[in-house]
Structures are given as C-alpha cells and as structure tokens.
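S.K.: I have a structure here, written as structure tokens, and I will follow up with some questions on it.
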Amino acid sequence: MPEPGTIAPDFTLPRDGGSSVTLSALRPAPVVLFFYPRDDTSGCTKEALAFTALKDAFGEAGAQVLGISKDSVEKHQKFRDKHDLNVPLLSDADSDICEQYGVWKQKSMYGKTFWGIERSTFLIDGEGRIARVWPKVKVPGHAEEVLEAVRAL
C-alpha cells in the first residue's frame, strides 16, 4: 500500500458513461480514490451514496471523488442509475490498479478464503502525492472524515 508522501500510482481506467479517467490529468485538483468490493452490495451502496451526498462539498473544496472496483463499466452504469450516484465509478477489471494500491487482498468469509478488494480510501494532493490513507474503511461517517481531510490540505 502506498505510504503518505509517496507519488500515487498513475492510471487510466474506463468509467461509467463510456469515457476514461487518467489520474495525473486531474492535477492540480486533490483526488479522493475510494476502492470498494462490489457494486450494489449493502456497504458499497452506503459508501457510494455518502460520497454522492457530499459531492458538492468536495467540489467546493476543489477535490475530485472517484470510486474504483473490479466490476465492469456496464455494472457500474446500472449501479449508478439504480441509486442516482453522481461520482465517477472506474472499472479495474484486471485488478492491476488495486494491486498497485495494495487493496487486492486475501479475505475470508464463512470459512471460505478468496481474493477481493479491501475497502480503502486514498487522498491524493494536487502534486500527485498520497496525503492520507484509510485502510479497512468502516462506512458510517467515513465520507465526512475524508471531506475534513480534503479541507485541511
């Protein structure tokens, strides 16, 4: 997992709506990357809705918010439309970016072991450096905490 102060791994990923996003092209705006396990699950929906509810506040603070999971662009579009989400959802189908950010982890549930995304958020400053990392995110209050960190940049 990249440490605060290091340059954030750059990427270009496809997004809902059909275009793509290149991280370095968003500079000098700060960027919030929230990695989440799967579209339309309870925790992921609550997290995406929380960032959606605060999108204007993030914008007023000058920051872009991007969600990333392994789900396809098509699944992202259905998820976005079903829940009226307004933050871009990027598809890392082959998990390259998840691996670069250290969020692709071995997990276990109900006695079964599998690989998946550990819910994590990264705040990247206007120079492309990791400013803050939130590993193993608990959803309640998280988007508000990230917003405060953006305002403190």
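S.K.: Please work out which residue is farthest from the chain's Cα centre (by Cα), limiting yourself to the stretch 114-134 and to residues that are of a type in the set (Asp, Glu) and closer than 23 Å to LEU26 by Cα.
M.R.: Ranking the qualifying residues of the stretch 114-134, first place goes to GLU127.
S.K.: Quick check on my filter: what residues within the stretch 22-54 are surrounded by fewer than 18 Cβ atoms within 10 Å (Cβ to Cβ) and either over 24 Å from ASP125 (Cβ atoms) or touching a Leu at 6+ places or on another chain (Cβ under 9 Å) (or both)?
M.R.: THR22, LEU26, PRO37, ARG38, ASP40, THR41, SER42, GLY43, LYS46, LEU49
S.K.: While we're on this one: Considering only residues that are outside any helix (DSSP H, G or I) and out of contact with any Ser or Thr (no Cβ under 9 Å at 6 or more places or on another chain), look in the stretch 53-74 and name the one that is nearest to VAL137 (Cα to Cα).
M.R.: From the stretch 53-74, those outside any helix (DSSP H, G or I) are 54, 61-72; that's our starting set.
Next, only the ones that are out of contact with any Ser or Thr (no Cβ under 9 Å at 6 or more places or on another chain) stay: 54, 61-64, 66-67.
Values: LEU54: 17, ALA61: 22, GLY62: 23, ALA63: 20, GLN64: 19, LEU66: 16, GLY67: 14 Å.
Here the residue is GLY67.
S.K.: If you check GLY111 against the conditions, is it more than 16 Å from the chain's Cα centre (by Cα), of a type outside the set (D, E, K, R) and at pLDDT 95 or above? Lay out the reasoning, then the answer.
M.R.: Numbers: more than 16 Å from the chain's Cα centre (by Cα): yes; of a type outside the set (D, E, K, R): yes; at pLDDT 95 or above: no.
Against the criterion (more than 16 Å from the chain's Cα centre (by Cα), of a type outside the set (D, E, K, R) and at pLDDT 95 or above), GLY111 does not qualify.
S.K.: Please list, ordered by first then second residue, the pairs with beta carbon atoms under 8 Å, 6 or more apart or interchain, first in the stretch 40-53 and of a type in the set (Asp, Glu), second in a helix (DSSP H, G or I) and buried (at least 19 other Cβ atoms within 10 Å of the Cβ).
M.R.: From residues that are of a type in the set (Asp, Glu), the pairs are ASP40/PHE79; GLU47/ALA143.
S.K.: Can you tell me which residue is farthest from LEU153 (Cα to Cα) among those in the stretch 56-74 that are surrounded by fewer than 18 Cβ atoms within 10 Å (Cβ to Cβ) and among the charged types (D, E, K, R)?
M.R.: Checked the stretch 56-74; the qualifying residue farthest from LEU153 (Cα to Cα) is GLU74.
S.K.: Given the conditions (1) farther than 21 Å from VAL21 by Cα; (2) in contact with a helix residue (DSSP H, G or I) (Cβ under 8 Å, 6 or more places away or on another chain); (3) not in a helix (DSSP H, G or I); (4) not charged (D, E, K, R), which single one is not true for ALA50?
M.R.: Going through (1) farther than 21 Å from VAL21 by Cα; (2) in contact with a helix residue (DSSP H, G or I) (Cβ under 8 Å, 6 or more places away or on another chain); (3) not in a helix (DSSP H, G or I); (4) not charged (D, E, K, R) one by one, ALA50 breaks only (3).
S.K.: Okay, moving on. Test GLU47 against the stated conditions and say whether it is farther than 16 Å from LEU13 by Cβ, under 13 Å from the mean Cα position of the chain (by Cα) and among the acidic types (Asp, Glu).
M.R.: On the way: farther than 16 Å from LEU13 by Cβ: yes; under 13 Å from the mean Cα position of the chain (by Cα): yes; among the acidic types (Asp, Glu): yes.
The answer is yes for GLU47.
S.K.: Could you please find all residues in the stretch 6-18 being modelled with pLDDT under 95 and surrounded by fewer than 18 Cβ atoms within 10 Å (Cβ to Cβ)?
M.R.: Those that are modelled with pLDDT under 95 and surrounded by fewer than 18 Cβ atoms within 10 Å (Cβ to Cβ): GLY17, GLY18.
S.K.: Go through (1) within 18 Å of LEU26 (Cβ to Cβ); (2) free of Cβ contacts under 8 Å to residues at least 40 places away in the same chain and name the single condition SER95 misses.
M.R.: (1)
S.K.: Among the residues of the stretch 75-117, what is the count of those that are surrounded by fewer than 11 Cβ atoms within 10 Å (Cβ to Cβ) and in a helix (DSSP H, G or I)?
M.R.: Residues in the stretch 75-117 being surrounded by fewer than 11 Cβ atoms within 10 Å (Cβ to Cβ) and in a helix (DSSP H, G or I): 1 in total.
S.K.: Looking for something acidic (Asp, Glu), in a loop (DSSP other than H, G, I, E, B) and at positive phi - is there at least one such residue anywhere in the stretch 31-43?
M.R.: Scanning the stretch 31-43 turns up at least one residue that is acidic (Asp, Glu), in a loop (DSSP other than H, G, I, E, B) and at positive phi.
The values are calculated or read from the model by the stated rules, or taken from the named source; none is laboratory data. Source: prediction; values computed, not measured. Don't worry about glycine lacking a Cβ; one is built from the backbone with ideal geometry, like all the others, and counts go over all protein chains shown.
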